[in-house]
Amino acid sequence: MTLTKSSVLNWFAFTIAILWFVKFKFIGELFVSELILFLVFLFMFKSYGKRLYSGIPKRIIIFGLLWLLAQIVTDVIRTTPFENMLRGWAAITFFLIDFAALYLLLGNNKDRLLFFIYGIAIGGVFRCFVAPSEYFSFEPWKFGFGFPVTLLTLLILTWAIRKRLFVPIVAEVVLFTLAVTSIYLNARSLGGALIITALLSFVGRHQIFYDLFLKRFNPSRLIAVSMVSLLLVFSVLVAYQWIGEAELLPDKSQAKYEMTKSSPFGLLGVILSGRIEILASIPAVIDSPVIGHGSWAEDQKYRQLLIGASSTLGVDRPEGELQYLIQKSDFIPAHSHLMQAWVWAGLLGAIFWVMVLILILKVLFQTLRNYDVLSLIVVFVCVKAGWDVLFSPFGSEMRIKWGWELVLIIMSFEMLHCSLKSDKEITGVKK
């Protein structure tokens, strides 16, 4: 078999992806794949760097650099400890390099992007056997197999739809089954994202939904689709509540539900109960909304607010567990990309993630308007990425994850934009 330049690059991308979890200590955590991507960026920038100078990539780079600048200014003003300062700056810098390198490497090549995602998924499964996370032994699906198996399932379903082996409704049933399994195994956010993906994919293929919400693109329809998505989230929470009240969950999941069901916030408390850190980071933002508190910001008073937040939500956590959570460090808690960037870097950090969230909503809207073989993966990534922005911490492993997710989102946006532009030129009709 003759190896072409394209096939070599495909396998090179696959190799980078499959090694994503291999890391070592350097200031903070640095991944072997990130070092390779840094070299890719240096090698490709001279010839292809101008691709980053326009459109969405340019916007991400500019807002990302403003985020980095805000972090530097904040750390200087707050006299952040030197090691924390370097870690904070390095996290943003490598995140931007990962994205830029992957955008240049994967480009508009759909097959190469799929090769890379296969590598991420297979590497994730392999990691469970050779270098599992510290929580893997307690919940192997939630902290190990869940996400990579989901990616592999989506890739196989995408391949099957591409080959016309079965219709999309079969894929949606498979995703719904995988979602129920994930929720049963206590991976609630993953299960919720899969259910919403399946439901959005299902309703998005029906004419009445298209006519009502998707036919024309404007802010009001974008808001309407967002409201429908929130309604689907609410439906998932109602189903989860029903299952919890029926005591059909496994022991760990049932215990977590019992801790939150008395919350005066009702179903909202189910979401916030596992993320009470957000209610402690909000006062930190209010205290300093423009200039942040610094990289790896520390202030014990905000951690003390976790006790009050837990009481407000009606979360019946053992006192010892709360005290451990408070005393294990002085870091200001922020279980959210958005809130963490705002607490650490200030307003410009928050603006970056708001910009990303708006991009996610636009791509989700366009993907539902124009069904494609990549639609299942794109919808899932949009839903999960939106959740991460609002409810997940921005850790070191997120850097490469966001790199390929942003490339997928941008590639989907550009492909759909070109498709709509071609349709307008051919028909002369605005959509």
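Would you be able to tell me the number of residues in the stretch 129-166 that are of a type in the set (Asp, Glu) and open to solvent by less than 50 Å² (accessible area, probe 1.4 Å)?
Of the residues in the stretch 129-166, the ones of a type in the set (Asp, Glu) are 134, 139.
Narrowing further to those that are open to solvent by less than 50 Å² (accessible area, probe 1.4 Å): 139.
Residues that pass the stated criteria total 1.
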Cross-chain or 6+ apart pairs with Cβ under 8 Å, the stretch 284-307 first and within 14 Å of Met339 (Cβ to Cβ) and part of a helix (DSSP H, G or I), then among the aromatic types (Phe, Trp, Tyr) and at pLDDT 80 or above: Val285/Trp342
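Only one of Phe129, Phe147, Phe99 is of a type in the set (Phe, Trp, Tyr), touching a residue at least 12 places away in the same chain (Cβ under 8 Å) and over 19 Å from Leu190 (Cβ atoms). Can you tell me which?
On the way: Phe129 fails: touching a residue at least 12 places away in the same chain (Cβ under 8 Å); Phe147 fails: over 19 Å from Leu190 (Cβ atoms).
Matching residue, one of Phe129, Phe147, Phe99: Phe99.
For Ala198, are the conditions met, namely being touching an Asp or Glu at 6+ places or on another chain (Cβ under 6 Å), among the small types (Gly, Ala, Ser) and either free of Cβ contacts under 8 Å to residues at least 12 places away in the same chain or open to solvent by less than 60 Å² (accessible area, probe 1.4 Å) (or both)? Can you show your working first?
Details: touching an Asp or Glu at 6+ places or on another chain (Cβ under 6 Å): yes; among the small types (Gly, Ala, Ser): yes; either free of Cβ contacts under 8 Å to residues at least 12 places away in the same chain or open to solvent by less than 60 Å² (accessible area, probe 1.4 Å) (or both): yes.
Taking the combined requirement at face value, the residue satisfies it.
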Test set (1) modelled with pLDDT of 95 or more; (2) over 30 Å from Thr158 (Cα atoms); (3) of a type outside the set (Lys, Arg) - Ile36 fails condition number: (2)
The stretch 29-58, subset of a type in the set (Lys, Arg) and loosely packed, with under 15 Cβ neighbours inside 10 Å, residue nearest to Val407 (Cα to Cα): Lys58
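Test Gly403 against the stated conditions and say whether it is small (Gly, Ala, Ser) and open to solvent by 30 Å² or more (accessible area, probe 1.4 Å). Explain how you work it out, then say what you get.
Numbers: small (Gly, Ala, Ser): yes; open to solvent by 30 Å² or more (accessible area, probe 1.4 Å): no.
No.
If I go through the stretch 13-55 residue by residue, how many of them are touching a residue at least 40 places away in the same chain (Cβ under 8 Å) and over 30 Å from Met85 (Cβ atoms)? If you could, list the steps in order and put the result at the bottom.
Looking only at the stretch 13-55, we keep the residues that are touching a residue at least 40 places away in the same chain (Cβ under 8 Å), and these are 13-23, 27-31, 33-34, 37-38, 40-41, 44-45, 48-49, 51-52, 55.
From what is left, the residues that are over 30 Å from Met85 (Cβ atoms) are 13-15, 17-18, 48, 51, 55.
Within the stretch 13-55, residues that are touching a residue at least 40 places away in the same chain (Cβ under 8 Å) and over 30 Å from Met85 (Cβ atoms) number 8.
Considering only residues of the stretch 1-24 that are among the hydroxyl-bearing types (Ser, Thr, Tyr) and in a helix (DSSP H, G or I), which is most open to solvent (accessible area, probe 1.4 Å)?
Within the stretch 1-24, the subset among the hydroxyl-bearing types (Ser, Thr, Tyr) is 2, 4, 6-7, 15.
If we keep only those that are in a helix (DSSP H, G or I) too, we end up with 6-7, 15.
Working: Ser6: 50, Ser7: 28, Thr15: 66 Å².
Across the stretch 1-24, the extreme among qualifying residues is Thr15.
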Hits in the stretch 73-92 - residues which are in contact with a Gly (Cβ under 9 Å, 6 or more places away or on another chain), open to solvent by 10 Å² or more (accessible area, probe 1.4 Å) and closer than 27 Å to Ser54 by Cβ: Ala91
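The values are calculated or read from the model by the stated rules, or taken from the named source; none is laboratory data. Quick caveat, the model's predicted, so the values are computed rather than measured. All Cβ positions, glycine included, derive from the backbone under ideal geometry; neighbour counts span all protein chains shown. For the accessible areas, the whole protein counts, side chains as well, though only heavy atoms, and no ligand, DNA or RNA atoms are used. Shrake-Rupley method; radii C 1.70, N 1.55, O 1.52, S 1.80 Å.
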